[in-house]
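Q: Dropping the structure in here first, questions after.
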Amino acid sequence: MDFDFAIILVALTAISGFIWLVDRLFFATKRRNALAAEIPIEDAAGNAVASSKVDGNGRAQSSDPVIVEYAKSFFPVLLLVLVVRSFLIEPFQIPSQSMMPTLEVGDFILVNKYSYGLRVPVLGYKFFDISDPQRGDVMVFKTPEDNATNYIKRVIGLPGDIISYQGNDLTINGELIEHRLLTDRPAGRLRERTYQETIDEATHRIMRFTGLDAGTATQWKVPEGEYFMMGDNRDRSKDSRFIGTVPDRNIVGKAFAIWMHWDEFFSIPSFSRVGGIE
């Protein structure tokens with residue numbers, strides 16, 4: 001989920017708006033006055049006097065420079081897209097297997113941008129608080145590694161939580177999280193297993209592979225104002241176990257729906273996976 005053109009969108013909106021505003025304040029009136037002086041009037045016989053500023057129907061032609069015409073045309077569209085994308089809903093495409101089986105590669109999802117509060121575009125600072133992330137939410141965020149690349153994972157730990165993880169066992173504040181085996185199928189030397197996991201009464205599916213080294217138990221304490229994130233594909237996810245906890249300012253929004261699935265450019269889009277995200 002690396003593709004993010006927020007900076008470009010903000011820049012184009014600001015530039016087109018600035019051109020339109022400056023022209024309206026300082027130049028548009030002068031051009032209209034100059035044009036009005038050249039608009040033909042009827043003579044005593046009712047015949048129109050020719051003018052290069054009049055079209056074939058006798059209407060005054062536009063005298064706006066090309067750059068102003070483009071700015072006036074694109075600014076409202078860019079502003080609408082910016083508002084919707086920054087404060088309401090933003091689409092993303094899933095590029096990796098880290099959230100399987102919940103999300104598959106090629107899923108196109110919708111992200112609620114106001115669920116956790118309204119934020120300044122690009123900068124990410126919250127200026128209007130609505131709610132906080134809850135355990136079990138599927139959340140898009142900018143990775144702390146570069147504060148730019150968009151990741152999508154599940155919220156596991158809230159500020160102040162103590163998270164422990166080893167093998168199939170996830171513990172939050174000393175409480176072992178329940179998981180129930182759903183499917184078990186061979187995948188080479190590894191066995192792919194799907195479980196149903198319940199966190200704070202929110203149920204979702206996770207994927208694990210047997211035959212991998214479980215390692216020693218690792219424990220983290222989530223700092224204030226930050227969140228511990230994990231992928232549902234527990235053995236193939238680069239998440240807070242490796243990149244650290246996610247600060248609130250890095251939150252992009254809450255993923256809530258799949259609206260299309262498209263594997264690759266030359267394939268046919270599918271709508272069989274359309275629906276909400278658990």
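The values are calculated or read from the model by the stated rules, or taken from the named source; none is laboratory data. Predicted, not measured: the structure shown is a model, and the values here were computed from it. So basically every Cβ, Gly included, is an ideal-geometry build from the backbone, and we count neighbours across all protein chains shown.
Q: Of the residues Lys72, Lys113, only one is outside the structural domain of Thr183 (by TED's automatic domain parsing), among the charged types (D, E, K, R) and at pLDDT 90 or above; which?
A: None of the other options fit; the residue is Lys72.
Q: Here is a follow-up. Could you check segment 152-201 and list, in sequence order, the residues that are touching a residue at least 40 places away in the same chain (Cβ under 8 Å) and either of a type in the set (Val, Ile, Thr) or at positive phi (or both)?
A: Hits for segment 152-201 are Ile152, Val155, Ile156, Gly160, Ile162, Ile163, Gly167, Thr194, Ile199, Asp200.
Q: Please go through (1) assigned to a loop (DSSP other than H, G, I, E, B); (2) in contact with a strand residue (DSSP E or B) (Cβ under 9 Å, 6 or more places away or on another chain) for Glu145 and return the number of the only condition it doesn't satisfy.
A: (2)
Q: Right, something else. Could you grab me the full set of residues in segment 161-199 that are surrounded by fewer than 11 Cβ atoms within 10 Å (Cβ to Cβ) and either among the small types (Gly, Ala, Ser) or part of a loop (DSSP other than H, G, I, E, B) (or both)?
A: Gly174, Gly188, Arg189
Q: Over 30 Å from Ile15 (Cβ atoms), modelled with pLDDT of 95 or more and not hydrophobic (A, V, I, L, M, F, W, C): does that describe Gly188?
A: Numbers: over 30 Å from Ile15 (Cβ atoms): yes; modelled with pLDDT of 95 or more: no; not hydrophobic (A, V, I, L, M, F, W, C): yes.
So Gly188 fails the test.
Q: If the requirement is being aromatic (Phe, Trp, Tyr), modelled with pLDDT of 95 or more and either closer than 25 Å to Arg85 by Cβ or not assigned by TED's automatic domain parsing to the domain that holds Ile109 (or both), which of these qualifies: Trp259, Trp220? Outline the logic, then answer.
A: Values: Trp220 fails: either closer than 25 Å to Arg85 by Cβ or not assigned by TED's automatic domain parsing to the domain that holds Ile109 (or both).
Matching residue, one of Trp259, Trp220: Trp259.
Q: Same structure again: Of all residues in segment 119-128, how many are part of a strand (DSSP E or B) and aromatic (Phe, Trp, Tyr)? Before the answer, list the steps.
A: First, pick out the residues of segment 119-128 that are part of a strand (DSSP E or B): 119, 126-128.
Adding the requirement that they be aromatic (Phe, Trp, Tyr) leaves 127-128.
Total satisfying the criteria: 2.
Q: Are any residues in segment 75-103 closer than 19 Å to Leu12 by Cα and of a type in the set (S, T, N, Q), and if so, which ones?
A: Step one: list which residues in segment 75-103 are closer than 19 Å to Leu12 by Cα, which gives 75-87, 90.
Of everything in segment 75-103, just one residue is closer than 19 Å to Leu12 by Cα and of a type in the set (S, T, N, Q), namely Ser86.
Q: Pick from Arg205, Arg241: which is surrounded by fewer than 20 Cβ atoms within 10 Å (Cβ to Cβ) and over 19 Å from Leu103 (Cα atoms)?
A: Details: Arg205 fails: over 19 Å from Leu103 (Cα atoms).
Exactly one residue qualifies, and that residue is Arg241.
Q: Read through the list (1) farther than 29 Å from Gly117 by Cα; (2) crowded, with 20+ Cβ neighbours inside 10 Å, then give the number of the only condition that Arg154 fails.
A: Against the list (1) farther than 29 Å from Gly117 by Cα; (2) crowded, with 20+ Cβ neighbours inside 10 Å, Arg154 comes up short only on (1).
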